[in-house]
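First the structure, in the form of structure tokens, and then the observations on it.
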Amino acid sequence: MKKIFSVVFLITLYLASSAMSIDDVLERVEKNMVRTNATYLSTMKIFSEDGDRSMQMKMYVKDEKNVLVEVIESSEGGKSRFLKKNDAMWLFIPSAGRSVLIKGHMLKEGFMGSNFSYEDISENRKLRDIYEITLEEDSLYYILTMKAKTDDAPYKLKKSYVMKDAFLPKKEEIYSSSNRLLKEFIIEDYKEMNGINVPTRILMNDLLQKENYTEMTYDKIDLTTKIPDSYFTKAYLER
Amino acid sequence: MNYWINLAFKNILRKKQRTMLTMLPVVFGTAMLIFVLSMLEGVNNDSKANLRNYDSADLKIVSRDFSLDKKGFGVQEAFYVPEDLENFLNSSKFVKAHAKEVIFSGNLSDGTNKMAVICRGVDFEAYSKTFLTLAKVYPPVLELDKGVILIGEDIFKWYEMPYDSVFILQSRTGGGTFDAIDLSYDGLVATGNPKIDRTTVYMNIKDADEFLNLNSRISAIAVKLKNPSDLNRFINEIKPIIKKYPELKLISWEELAVDIIAIDSAKKYSSSVMIFIILIIGGVGIANTILLSVYERMKEIGTMRAMGASNSTIVKMFVFEGASVGFVAAAMGMILGTVLMAYISFVGIDIGGMVQDIDIGYPIKSVFRGQFDLLLAFRAGFFGLIIGIAASFYPAYRVVKENIVRTLR
Amino acid sequence: MAEIRIENLHKTYKTESQSVNALRGIDISIPQGSFLSVAGPSGSGKTTLLNIIGCLDKPTSGSVFFGDENIVPMNDGQLTVFRNRHIGFVFQDFNLIPVLTVYENVEFPLAINPFIKEKHENLIMKMLEMVGIADLKKRFPSELSGGQKQRVAIARALVKNPSLVLADEPTANLDSENAKNIMEIMKRMNAELKTSFLFSTHDKLVMDYASNIVRLRDGMIISGAVE
């Protein structure tokens with residue numbers, strides 16, 4: 001009986017999953033990944049052969065177009081603030097006393113010196129608009145293969161392994177056009193809050209460099225407290 | 001005249017040690033002047049040659065927004081080559097060769113280490129005619145195939161990879177997409193120009209074009225002239241064509257060399273001031289020696305004046321002495337300076353060990369060479385002579401103002 | 001050049017506190033070819049007188065005529081040329097140029113004199129032979145005795161054929177034997193070349209050789225003025 005139940009369950013699961021379209025998967029993932037009204041206390045650790053660095057950050061996310069990040073402590077002692085407002089991004093360094101607009105080539109550089117590029121966290125476009133997406137699956141993952149269809153896509157080829165149970169990518173792989181694996185994005189841990197699965201520890205791995213990766217852990221996540229709109233202004237950034 | 005030369009030399013030799021000591025600063029000042037100016041001139045010439053042979057050619061045609069200072073990641077502003085411009089370059093009587101370049105920045109990785117590099121996509125044949133770079137590849141290459149990469153020798157030190165290894169060059173395409181290309185290592189580029197050797201890699205221009213999705217756009221056309229002195233004439237000839245394409249501009253190697261020229265003139269200025277001070281000290285030394293001998297020989301000079309030697313004769317006599325000291329010292333300085341100059345010109349000073357990766361401001365890496373210039377030596381010697389003459393005027397003037405009767409006592 | 005006439009010559013040295021009258025109205029006439037000695041104690045004014053006649057110093061008032069030419073109004077440049085052409089000096093301390101040989105020392109007046117057209121070597125050798133030291137021509141002053149040095153000085157004074165030779169205490173640094181020789185030489189030169197000689201001295205020997213003696217005291221002539 002137990003055995004039959006499991007088989008039925010698996011078949012049901014299979015049917016259910018195979019019924020999932022690309023859009024369904026993307027939508028479910030987006031629900032987990034895209035945050036509104038969230039406050040995080042997080043730690044970013046950057047590992048490289050040159051030495052390790054870490055910083056503690058407070059992040060306020062109203063929606064994907066209103067993000068404020070405050071570095072409250074870093075191993076180098078530097079403090080800075082970062083504001084994403086619509087499509088513009090600003091960096092404020094208190095010791096310099098002024099904010100700079102991050103644009104052009106700076107977008108391609110690592111966010112706060114990490115392996116995440118500013119672009120990784122600034123992309124507002126729908127994946128569908130940028131990539132030609134195909135779906136495969138195995139017993140554990142929906143595998144989304146995304147090929148750039150626009151000239152200005154951030155990546156040429158990206159594979160996303162979405163966990164069937166959590167609808168979070170376990171791993172995203174970034175390839176060159178010649179199919180060489182360049183970067184890996186891994187969700188190491190997540191937890192369920194208010195009905196959505198929130199990643200709590202993520203890794204970005206640069207495979208072109210030995211032992212070079214960035215780890216981001218979310219120590220405190222608050223999805224309920226309302227964030228004042230005034231936080232997402234240049235005035236607040238430069239306060 | 002012989003009488004006075006004889007007298008001057010005999011007077012100088014009265015106090016041999018004192019004269020020697022007096023001459024020392026002038027000897028060293030003159031030698032230093034020759035040495036330093038030769039060095040600066042040589043370094044300057046080598047720098048310019050390094051710039052033109054490996055980096056700038058005589059002239060470059062680039063996008064209006066091309067900037068050397070831009071630190072961006074990815075490809076420099078690219079442009080389509082207008083057909084009439086290409087035809088002009090092919091037919092101009094001034095042009096020896098020209099080569100297209102795709103210039104972009106990227107990260108070069110062997111899977112373990114990643115280094116920021118400047119990448120140049122080039123066509124072997126055209127590039128070899130325009131630059132010496134591809135002749136400085138070890139092991140020598142006769143072509144630049146698709147799928148291969150040549151790496152500046154100082155970058156290569158970071159990887160320790162065997163010959164034929166595959167490197168991954170990662171960059172952003174023309175549209176800004178993160179991408180990478182696999183290239184197999186084919187040789188080291190060792191030009192002696194640190195800008196090239198420390199930062200630059202070379203690949204086939206077609207690879208670059210495909211990788212960056214440029215559709216035959218390029219970053220620059222480098223032009224080498226048959227005769228570099230025709231630069232301005234050539235610019236006048238090409239200007240009307242460039243004017244038709246507002247997205248393009250010309251950069252001559254001289255504009256790219258402004259840094260070198262600025263450093264050069266600053267260094268020349270500061271060393272000239274230093275050497276000038278040494279020579280002034282030398283001049284004061286000569287003046288002091290002459291003044292001392294004036295006082296020692298007061299009675300003798302009084303005798304000469306009593307016998308009817310005019311003021312100008314006396315002044316001439318001392319100036320002749322000063323000039324002789326200056327001349328002998330300057331001649332010794334010239335010989336010493338010329339020996340040093342010959343050494344740095346024909347042997348050179350290997351500074352490689354001292355400044356491994358330090359940017360000294362010049363596109364020269366290890367061996368500093370001077371410029372062997374005998375005219376320079378003569379100029380420096382002449383300068384020493386002038387110092388000697390100038391320095392002895394005052395003491396001589398001093399003595400003819402003395403009352404004869406008093407000097408005879 | 002004929003005679004030298006000195007008329008009513010005064011020289012006053014002024015210092016801050018006092019003025020000293022070194023010469024007080026001197027009148028002398030020195031015919032061509034004289035061999036004249038000026039004698040007097042120290043401070044009598046004889047050196048001052050010689051300096052003025054030698055165009056090295058200027059009088060406060062009065063005239064010095066060389067023939068028809070009064071040298072008193074001349075400026076320094078003119079005096080230098082005048083000395084160069086007409087006056088030779090013999091000094092008490094010989095005042096030879098130590099770095100030059102005997103020959104070169106004698107050559108000096110010729111080297112600075114543009115008026116002499118004759119070949120220097122002939123003039124110099126003739127002079128050295130006359131004073132008897134031709135064989136020493138390559139020696140330096142430091143290799144000579146006092147008497148030899150003074151002979152060089154005499155040759156040097158006479159080589160340009162001046163009209164007057166001034167000798168200030170020429171024998172003061174010589175022993176009597178040498179002094180005598182020097183005076184003999186000068187006397188002979190005076191006779192042969194018709195050059196006037198004017199000495200200042202208090203050496204009895206020199207006065208014995210002189211054809212005339214002018215005695216000075218306190219800046220005035222007390223005897224022997226040649227009129």
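Applying the selection to segment C:69-81, what residues are more than 8 Å from every other protein chain (Cβ to nearest Cβ) and not acidic (Asp, Glu)? The answer is C:Asn70, C:Ile71, C:Val72, C:Pro73, C:Met74, C:Asn75, C:Gln78, C:Leu79. Does at least one position in segment B:86-93 carry a residue that is surrounded by 21 or more Cβ atoms within 10 Å (Cβ to Cβ) and modelled with pLDDT of 80 or more? Within segment B:86-93 (the criterion being surrounded by 21 or more Cβ atoms within 10 Å (Cβ to Cβ) and modelled with pLDDT of 80 or more), the answer is no, since none of the residues qualifies. Taken as a whole, segment B:12-21 holds no residue that is within 14 Å of chain A (Cβ to nearest Cβ) and out of contact with any helix residue (DSSP H, G or I) (no Cβ under 8 Å at 6 or more places or on another chain).
Just one of the listed residues (B:Thr303, B:Thr289) is part of a helix (DSSP H, G or I), within 14 Å of chain C (Cβ to nearest Cβ) and not aromatic (Phe, Trp, Tyr), and it is B:Thr303. Restricting C:Ala167, C:Ala157, C:Ala179 to residues that are within 18 Å of C:Arg83 (Cβ to Cβ) and assigned to a helix (DSSP H, G or I) narrows the list to C:Ala157. For B:Asp207, the requirement of being modelled with pLDDT of 85 or more, in a helix (DSSP H, G or I) and charged (D, E, K, R) is met. Helices (runs of 4 or more DSSP H) fully within segment B:1-109 that include at least 1 residues being touching a strand residue (DSSP E or B) at 6+ places or on another chain (Cβ under 8 Å): B:16-51, B:83-91. Within segment B:128-157, being farther than 15 Å from B:Ile196 by Cα and not in a strand (DSSP E or B) holds for B:Ser128, B:Lys129, B:Thr130, B:Pro139, B:Pro140, B:Val141, B:Leu142, B:Glu143, B:Leu144, B:Asp145, B:Lys146, B:Gly147.
So that you can scan it fast, the table gives a plain yes or no per residue for (1) β-branched (Val, Ile, Thr); (2) within 17 Å of C:Phe91 (Cα to Cα); (3) in contact (Cβ under 8 Å) with a residue 60 or more places away in the chain:
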site: C:Ser145; (1), (2), (3): no, yes, no
site: C:Leu158; (1), (2), (3): no, yes, yes
site: C:Val165; (1), (2), (3): yes, yes, yes
site: C:Pro170; (1), (2), (3): no, yes, yes
site: C:Asn173; (1), (2), (3): no, yes, yes
site: C:Ala179; (1), (2), (3): no, yes, no
site: C:Glu192; (1), (2), (3): no, no, yes
site: C:Ser196; (1), (2), (3): no, yes, yes
site: C:Ser211; (1), (2), (3): no, no, yes
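Within segment A:187-224, being basic (Lys, Arg) and either under 16 Å from the mean Cα position of the chain (by Cα) or assigned to a strand (DSSP E or B) (or both) holds for A:Lys191, A:Arg201, A:Lys220. Checking B:Ala257, B:Ala190 one by one, the residue that is more than 14 Å from chain A (Cβ to nearest Cβ), touching a residue at least 60 places away in the same chain (Cβ under 8 Å) and small (Gly, Ala, Ser) is B:Ala257 and no other.
For every residue, the table says whether it meets (1) within 12 Å of chain B (Cβ to nearest Cβ); (2) within 20 Å of B:Lys299 (Cα to Cα); (3) crowded, with 17+ Cβ neighbours inside 10 Å.
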{"site": "C:Glu104", "(1), (2), (3)": "yes, yes, yes"}
{"site": "C:Asn113", "(1), (2), (3)": "yes, no, yes"}
{"site": "C:Lys117", "(1), (2), (3)": "no, no, no"}
{"site": "C:Val131", "(1), (2), (3)": "no, no, yes"}
{"site": "C:Leu136", "(1), (2), (3)": "no, no, yes"}
{"site": "C:Leu144", "(1), (2), (3)": "no, yes, yes"}
{"site": "C:Val152", "(1), (2), (3)": "no, yes, yes"}
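Scan segment C:132-140 and give yes if some residue there is part of a helix (DSSP H, G or I) and either closer than 22 Å to B:Glu296 by Cβ or of a type in the set (Lys, Arg) (or both), otherwise no. No: zero hits. Within segment C:15-71, the set of residues being of a type in the set (Ser, Thr, Tyr), within 24 Å of B:Gly302 (Cα to Cα) and part of a loop (DSSP other than H, G, I, E, B) comprises C:Thr15, C:Ser42, C:Ser44, C:Thr60.
Yes or no: segment B:33-54 includes at least one residue that is within 14 Å of chain C (Cβ to nearest Cβ) and without any contact (Cβ under 8 Å) to a residue 40 or more places away in the chain. Checked against the condition, which is being within 14 Å of chain C (Cβ to nearest Cβ) and without any contact (Cβ under 8 Å) to a residue 40 or more places away in the chain, segment B:33-54 yields no hits at all. Looking at the structure I just gave you, is B:Ala78 within 14 Å of chain A (Cβ to nearest Cβ) and at negative phi? So B:Ala78 fits the description; yes. Looking only at segment B:378-404, residues that are β-branched (Val, Ile, Thr), within 14 Å of chain C (Cβ to nearest Cβ) and either touching a Gly at 6+ places or on another chain (Cβ under 6 Å) or free of Cβ contacts under 8 Å to residues at least 60 places away in the same chain (or both) come to 1 in all.
The values are calculated or read from the model by the stated rules, or taken from the named source; none is laboratory data. Predicted, not measured: the structure shown is a model, and the values here were computed from it. Note that each Cβ is placed from the backbone with ideal geometry, even for glycine, and that neighbours are counted across all protein chains shown.
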